[in-house]
1. State which residue pairs qualify: first residue free of Cβ contacts under 8 Å to residues at least 40 places away in the same chain and inside the stretch 134-148, second residue surrounded by 15 or more Cβ atoms within 10 Å (Cβ to Cβ) and part of a helix (DSSP H, G or I) in any location, beta carbons under 8 Å apart, and separation of 6 or more residues or different chains.
2. Pairs needed: first member in the stretch 79-106, touching a residue at least 40 places away in the same chain (Cβ under 8 Å) and under 15 Å from Arg50 (Cβ atoms); second member anywhere, surrounded by fewer than 17 Cβ atoms within 10 Å (Cβ to Cβ) and among the aromatic types (Phe, Trp, Tyr); C-beta distance under 9 Å; at least 6 residues apart or different chains.
3. Hey, could you check the stretch 14-51 for residues that are within 21 Å of Tyr133 (Cβ to Cβ) and small (Gly, Ala, Ser) and say which is nearest to the chain's Cα centre (by Cα)?
4. Out of everything in the stretch 49-69 that is of a type in the set (A, V, I, L, M) and farther than 13 Å from Ser80 by Cα, what residue ends up being surrounded by the fewest Cβ atoms within 10 Å (Cβ to Cβ)?
5. Looking for whichever is under 28 Å from Asp174 (Cβ atoms) and in the same structural domain as Trp180 (by TED's automatic domain parsing) here; the options are Pro100, Pro108. Which one fits?
6. Among the numbered conditions (1) at pLDDT below 50; (2) loosely packed, with under 14 Cβ neighbours inside 10 Å, tell me where Asn187 comes up short.
7. Those residues that are hydrophobic (A, V, I, L, M, F, W, C) and modelled with pLDDT under 85, I need them from the stretch 47-76; list them, please.
8. Any idea which of Ser65, Ser80 is assigned by TED's automatic domain parsing to the domain that holds Gly38, closer than 16 Å to Thr28 by Cα and polar (S, T, N, Q)?
Amino acid sequence: MKVYNPNELVGKEVVDVNGNAIGTIDKTWNSWNQEYPGYFFGIKTYQNTRDTWFRGTSKLIPIYSDYIRQTDDRVTLNKSMDDLCRFWNKAVPCGTSTCPTDELFEKPVYDKNNSRVGTFWGWVESNGTYQHYGVWLDPYLCDVWRFPYNTLLPIPPNFVYHVKDTITLDKTLDELKGYWEQNHCFNSQQTNQQGWSQPAWQGQGHQGWNWNQNQQHPPQYQY
């Protein structure tokens with residue numbers, strides 16, 4: 001669903017589509033597209049939920065606003081616990097191999113020249129397929145590139161070259177910046193009063209990020 005007040009959801013209890021308590025929303029991030037995937041949220045799970053469904057991990061469980069069905073005194077998702085743990089426990093593509101998703105979370109991300117890009121934090125999936133990984137851009141690059149802080153940027157799974165202690169991409173920083181600009185994640189020519197780039201999707205439509213608002217589900221983007 002469309003979320004207009006992401007910060008007001010922080011601290012609220014989260015339940016799955018069947019009413020099972022999962023935990024509470026601990027953090028929120030902006031995304032590269034205000035409409036879809038909207039905002040990202042990190043769920044701090046209850047201990048029983050962690051031990052039963054998520055390998056006992058203490059890491060935040062990521063969701064984006066498309067997972068949310070309703071918000072009132074608590075946040076109700078449109079996914080079951082089975083759906084959530086299936087993606088959390090799934091081995092995902094990492095270059096020529098695969099890696100459990102929970103091992104990717106909070107790992108630092110570097111480009112092919114060993115320059116730091118940011119931190120792996122989330123994903124976007126559609127019909128059981130990972131469409132993008134979400135990378136929280138390093139604040140230094142936000143300064144240099146005039147990108148907003150607290151924003152996840154998309155990384156196609158095939159950009160991942162190698163995973164060990166860090167995640168290494170097969171792209172340079174310049175190639176990544178070009179990819180994000182080409183796909184209208186941000187408009188580097190338009191800045192707000194604080195001097196940071198405004199997302200290109202604010203106030204206007206752009207090819208590749210626009211769809212019929214009457215559709216129930218957004219399209220799968222292909223690059």
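1. Going by the 8 Å Cβ cut-off, the qualifying pairs are Leu141/Leu173.
2. none
3. Checked the stretch 14-51; the qualifying residue nearest to the chain's Cα centre (by Cα) is Ser31.
4. Of everything passing the filter in the stretch 49-69, Leu60 is surrounded by the fewest Cβ atoms within 10 Å (Cβ to Cβ).
5. Only one candidate qualifies: Pro108.
6. (2)
7. Selection gives Phe54 alone.
8. Ser65
The values are calculated or read from the model by the stated rules, or taken from the named source; none is laboratory data. Keep in mind that what you see is a predicted model, and the values were worked out from it rather than measured. Methodologically, a virtual Cβ is constructed for each residue, glycine included, from the backbone with ideal geometry; neighbour enumeration extends over all protein chains shown.
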